[in-house]
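The values are calculated or read from the model by the stated rules, or taken from the named source; none is laboratory data. Everything quoted here is computed from the prediction, not taken from an experiment. Heads up, the Cβs are rebuilt from the backbone with ideal geometry, glycines too, and the neighbour counts pull from every protein chain shown. Surface accessibility is based on the protein's heavy atoms, side chains included, excluding ligands, DNA and RNA. Shrake-Rupley method; radii C 1.70, N 1.55, O 1.52, S 1.80 Å.
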Amino acid sequence: QVRLVESGGGLVQAGGSLRLSCAASGPIFSINTMGWYRQAPGKQRELVAQITSGGSTNYADSVKGRFTISRDNAKNTATLQMNSLRPEDTAVYYCNAEILRYGFTVKNAYWGQGTQVTVSP
């Protein structure tokens, strides 16, 4: 069974930093895109950042220059370094990965359980 487990959320003051990690485990043949999404209360889930297996990245305009996504393909992990955090970054952050399992020919999208990030003014 494929699982994504996030860690690293918490409470931080505005201007501070947090580092989120996501580890994928299970019968994984390959991982295409890994990404981070977030959902604030009363709002839709939105893309924060994505990274392909080749290292190409994509960021939401609201986090460009402040957040950095990276991954370790050998360890099936992704990291989101968040700097200069703002109160509007407060949300539950979810890891997402497009994974091809052993014995399958179609990739599926998997989600982590989410980790809370709270930024105080």
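A straight Cα-to-Cα reach below 16 Å connects residue 75 with the aspartates and glutamates 6, 98, residues fewer than 8 places away in its own chain not being considered.
From Cα pairs below 8 angstrom and at least 6 apart in sequence, can you work out the relative contact order of the chain, rounded to a whole percent?
36
Leaving out ligands, DNA and RNA, what percent of the accessible area of the chain is carbon and sulfur, probe 1.4 Å? Summing carbon and sulfur atoms, their accessible area is 47 percent of the total for the chain. Bridge orientation summary for the chain: considering DSSP beta bridges with both residues in this region, about 90 percent are antiparallel. One decimal place: the segment residue 83-residue 40 gains 13.6 nm when fully extended, by the rule 0.36 nm per residue minus the C-alpha distance. Result for the chain in a Gaussian network model with C-alpha springs under 10 Å: among 97, 60, 23, the largest mean-square fluctuation is at 60. Quote the FRET efficiency, to the nearest 0.05, computed for residue 111 versus residue 64 with a Förster distance R0 of 22 Å and r equal to the Cβ-Cβ distance. Computed FRET efficiency for residue 111 and residue 64: 0.40.
Segment 87-106 and segment 1-20 have Cα centres spaced 14 Å apart.
Dividing the Cα radius of gyration of segment 61-116 by its Kirkwood radius returns 1.05 for Rg/Rh.
Which three semi-axes in whole Å describe the equivalent ellipsoid of segment 4-62, each the square root of 5 times a Cα gyration tensor eigenvalue, listed largest first?
23, 15, 13
Could you list the trypsin sites (Lys or Arg not before Pro) in segment 11-77 that lie in coil according to DSSP, counting only those with at most 16 other Cβ atoms within 10 Å of their Cβ? Within segment 11-77, the qualifying trypsin sites (Lys or Arg not before Pro) (loop, at most 16 other Cβ atoms within 10 Å) are 43, 45, 64, 66, 75. Within segment 72-121, the chymotrypsin sites (Phe, Trp or Tyr not before Pro) that combine a DSSP coil assignment with at most 10 other C-beta atoms in a 10 angstrom radius are 102.
Taking only Cα atoms and a 10 Å spring cutoff, compute GNM fluctuations for the chain and point out the largest among 24, 49, 40. Looking only at 24, 49, 40, the largest GNM fluctuation is found for 40. Would you mind getting the accessible area per residue of the chain, heavy atoms of the protein chains only, 1.4 Å probe, in Å²? The answer is 53 Å² per residue. Equivalent-ellipsoid semi-axes for the chain (Cα gyration tensor, √(5λ), whole Å, largest first): 26, 14, 12.
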